[in-house]
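What follows is a single structure, written as structure tokens, with notes after it.
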Amino acid sequence: MARVEVVEYTDAVCSTAWGAEPQLRRLHWRFGQHLDWRKVQGGLIGDSSKGKAGWDRVSAAEPMRDYWKRVWRLTGMPYPNPMHLMLQSTDPLGQAVKAAERQGQAVGEAVLRRFREQIFVFGIGPQTREEFAAACVGVPGLDVARWLADYDLPEVAAAYRADWQETREPNDWVRNLKHDSPMNGELKHSEGHDRYALPTLIFRGSGGEHTVAGWVDYDEYEAGLEAAEPGVTAHPRKDPTPQEAIAEWGVLTGQELEFLCGEGALAPAGAVAYDWGEGFVYFSAAEARARGLVEPVGV
């Protein structure tokens, strides 16, 4: 079976991209052996303070919490409760992910996920090097000193800027899309530029290029993948047990646990539960230690 190129346009602070994590984890679990997956850091927010006198990271936090709570009702993924500290721009986060990718794609993906958890679970929008390091304690394979030094390299800034620009060159399919669902994938306009909605996935294979944009049901991802490479979805990997899921990803929201492992799935044995106010997030022992969490789930 030929491999399929997957391009994912995303951003750490995008609540819809965060909401799609369960779907994308399932897609990768089932078919990852056939996929060459590249994440493009889209740069959702250039400068939140622009044109807002007196803007600061504390006073800006709670209004974002209120918006993200509405998105939670759609996606089921946690919102910050409370939101302590907002970020001014997502550009530093995107550049930090590109710096982490110099230590391997898996390391870059782990840093991106940690940023998301820091925002949507713990309510802190990382903006500084110190906040980046605090969010990424214990990330497997991450040399923090090297990472923070690499952040300042011109080639890292250029790599992030290339991602930013690519996100603002949407294909004709998106430009012509009419989609009336919430958090839709239609062409977006922000800060004077057209861009892809986040997340947008593009699948490329022997069947051509197929785009899945915005908030969609999981089945649309499999359909896009199948269209790009007919037959690729015929033999999915069996969905994970809770123990396999926590071993694979280290952290599972309640939504991810049920979506990946089946409705009513029980928390993994030995996991540590964090009550974020509207449910639980489950951490492996190693991830819990990294966050200073200590109480295991009763099993």
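Would you please name the chymotrypsin sites (Phe, Trp or Tyr not before Pro) within region 208-248 that are DSSP coil residues with at most 11 other C-beta atoms within 10 Å of their C-beta? Before the final figure, lay out the partial values.
Working: sites: Trp215, Tyr218, Tyr221; in loops: Trp215.
For chymotrypsin sites (Phe, Trp or Tyr not before Pro) across region 208-248 that sit outside H, G, I, E and B with at most 11 neighbouring Cβ atoms in 10 Å, the list is empty.
Return the FRET efficiency for the residue pair Val294, Arg129: r is the Cβ-Cβ distance, R0 is 41 Å, and the value is rounded to the nearest 0.05.
On the way: r = 27 Å, r/R0 = 0.67.
The pair Val294/Arg129 has a calculated efficiency of 0.90.
Quick query: amide H of Thr200 versus all other amide H atoms, modeled in the peptide plane; which residues come in under 5 Å with a sequence gap of 5 or more or a different chain?
Tyr9, Gly214
Restricting attention to region 194-281, which trypsin sites (Lys or Arg not before Pro) occupy a DSSP loop and are surrounded by at most 13 other Cβ atoms within 10 Å? Please report the intermediate quantities before stating the final value.
Details: sites: Arg195, Arg204, Arg237, Lys238; in loops: Arg237, Lys238.
When the trypsin sites (Lys or Arg not before Pro) of region 194-281 are filtered for loop state and at most 13 Cβ neighbours within 10 Å, Arg237, Lys238 remain.
Please give every one of the lysines within straight-line cross-link reach of Lys178, meaning a C-alpha to C-alpha distance under 23 Å, and leave out same-chain neighbours fewer than 8 residues apart.
Of all the lysines, those that pass the test against Lys178 - Cα under 23 Å, at least 8 places apart if same chain - are Lys188.
Order these peptides, 125-132, 33-40, by their mean beta-carbon neighbour count within 10 angstrom, highest first.
Values: 125-132: 18.6, 33-40: 16.5.
Top of the packing list down: 125-132, 33-40.
According to the square roots a ≥ b ≥ c of the eigenvalues of the Cα gyration tensor, what is the shape class of region 48-135, taking rounded for a/c under 1.5, prolate for a/b larger than b/c otherwise, and oblate for the remainder?
Details: a/c = 2.23, a/b = 1.33, b/c = 1.67.
It is oblate, given that a/c is not under 1.5 and a/b is not larger than b/c.
Among Val40, Val7, Leu27, whose Cα projects farthest towards the positive end of the dipole of region 1-70, with charges put on the beta-carbon of Lys, Arg (+1) and Asp, Glu (-1)?
With unit charges placed on the Cβ atoms, the residue in question is Leu27.
If one puts a single equal scatterer on every Cα of region 185-288 and applies the Debye formula without solvent, what log₁₀ I(q)/I(0) results at q = 0.14, 0.16 Å⁻¹?
At q = 0.14, 0.16 Å⁻¹ the computed log10 ratios are -0.77, -0.89.
Which of the GluC sites (Glu not before Pro) across region 226-286 are loop residues per DSSP, with 13 or fewer other Cβ within 10 Å? Show your work: numbers first, answer last.
On the way: sites: Glu226, Glu244, Glu248, Glu256, Glu258, Glu263, Glu278; in loops: Glu263, Glu278.
Qualifying residues, ordered by number: Glu263, Glu278.
Under 20 Å Cα to Cα from Lys69, which lysines show up? Leave out anything in the same chain fewer than 8 places away.
none
Which of rounded, prolate, oblate describes region 148-239, given a ≥ b ≥ c as roots of the alpha-carbon gyration tensor eigenvalues and a/c under 1.5 marking rounded, otherwise prolate only if a/b is larger than b/c? Mind showing how you got there, number by number?
On the way: a/c = 2.17, a/b = 1.39, b/c = 1.56.
Oblate shape, in that a/c is at least 1.5 and b/c is the bigger or equal ratio.
As a test of the definition: which semi-axes, in Å, follow for the chain when you take the square root of five times each eigenvalue of its alpha carbon gyration tensor? Largest first, please.
On the way: eigenvalues 140, 131, 77 Å².
The answer is 26, 26, 20 Å, longest axis first.
Read the figures in this text as sums done on the coordinates, not as results from a lab. Only a predicted model underlies this, so the values are computations on that prediction, with no experimental measurement involved. Counting neighbours? That spans all protein chains shown, and the Cβs are built from the backbone with ideal geometry, glycine included.
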